[in-house]
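Notes for the one structure printed next.
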Amino acid sequence: MKRVLRTTDLLTAASPIGPAMLIGKAEIPLQGTGKKWRDKGTSLFVQGDEARVMLPGAYTAGAYSIPGNLLLKIDGPPTLSRKLKVGGKWAVLADPVNLKGKPAPPAIQPGPAPTPDGNGNYPGQKAGKFLQPKAKTRSI
């Protein structure tokens, strides 16, 4: 059985995104607009919510070794549940997604005349993965 995404689940980006290599961890919590889920009290992530997700991450690419910022978005439709509809929209499943990155600001190639990265788009096949945050524990 596949897991349905909820508010507070995380979208993480796996390197590489095309020729771009991410520096460090790139993740962002999701914000769903579906009705609250009965057992966890969180909203579900439904069809259309993916358009609002923007994930920033530092990157370098080949000779462009001075890091820039890559703004990642989900590229294409995510996998939708065919069993669960919320408010007339299908719930989104936690399958990997394609990401597309746009440099803003771009990485720089060092030298006497520093050159910015001219690539305007970095595609990443199945580079986006969804995670559940770790449960918080209390000591007794």
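The values are calculated or read from the model by the stated rules, or taken from the named source; none is laboratory data. Predicted model only: the values in this text are computed from it and were never measured. Note that we place each Cβ from the backbone using ideal geometry, even for glycine, and neighbour counts take in every protein chain shown.
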Original post:
For Ala13, are the conditions met, namely being surrounded by 21 or more Cβ atoms within 10 Å (Cβ to Cβ) and either modelled with pLDDT under 90 or over 14 Å from the mean Cα position of the chain (by Cα) (or both)?
Top reply: no
Original post:
Does the stretch 108-116 include one or more residues that are more than 21 Å from Pro29 (Cβ to Cβ) and either within 19 Å of the chain's Cα centre (by Cα) or of a type in the set (Val, Ile, Thr) (or both)?
Top reply: yes
Original post:
Mind checking which residues of the stretch 30-39 are hydrophobic (A, V, I, L, M, F, W, C) and modelled with pLDDT of 90 or more?
Top reply: Leu30
**OP:** Among the strands (runs of 3 or more DSSP E) lying completely within the stretch 1-65, list those that include at least 1 residues that are of a type in the set (Gly, Ala, Ser), on the phi > 0 side of the Ramachandran plot and without any contact (Cβ under 8 Å) to a residue 24 or more places away in the chain.
**Re:** none
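Listed here are the residues, each with its yes/no results for (1) modelled with pLDDT of 90 or more; (2) more than 16 Å from Lys129 (Cα to Cα).
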| residue | (1), (2) |
| --- | --- |
| Ile28 | yes, no |
| Gly41 | no, yes |
| Phe45 | yes, no |
| Gly48 | yes, yes |
| Met54 | yes, no |
| Gly88 | yes, yes |
| Leu93 | yes, no |
| Leu99 | yes, no |
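Where residues in the stretch 85-101 are within 13 Å of the chain's Cα centre (by Cα) and part of a strand (DSSP E or B), which of them is surrounded by the fewest Cβ atoms within 10 Å (Cβ to Cβ)? Let's see the steps before the verdict.
Restricting attention to the stretch 85-101, the residues satisfying the condition of being within 13 Å of the chain's Cα centre (by Cα) are 94-101.
If we keep only those that are part of a strand (DSSP E or B) as well, we get 97-101.
On the way: Val97: 23, Asn98: 17, Leu99: 28, Lys100: 19, Gly101: 29.
Per the criteria, the residue is Asn98.
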Original post:
For the stretch 48-82, what are the residues that are buried (at least 17 other Cβ atoms within 10 Å of the Cβ), polar (S, T, N, Q) and under 20 Å from Thr7 (Cα atoms)?
Top reply: Ser81
**OP:** Return only the number of the condition from (1) touching an Asp or Glu at 6+ places or on another chain (Cβ under 6 Å); (2) under 24 Å from Leu93 (Cβ atoms) that Glu27 does not satisfy.
**Re:** (1)
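Can you pull out every residue in the stretch 66-84 that is touching a helix residue (DSSP H, G or I) at 6+ places or on another chain (Cβ under 6 Å) and either in a strand (DSSP E or B) or at positive phi (or both)?
Step one: of the stretch 66-84, the residues touching a helix residue (DSSP H, G or I) at 6+ places or on another chain (Cβ under 6 Å) are 74, 78.
Selection gives Ile74 alone.
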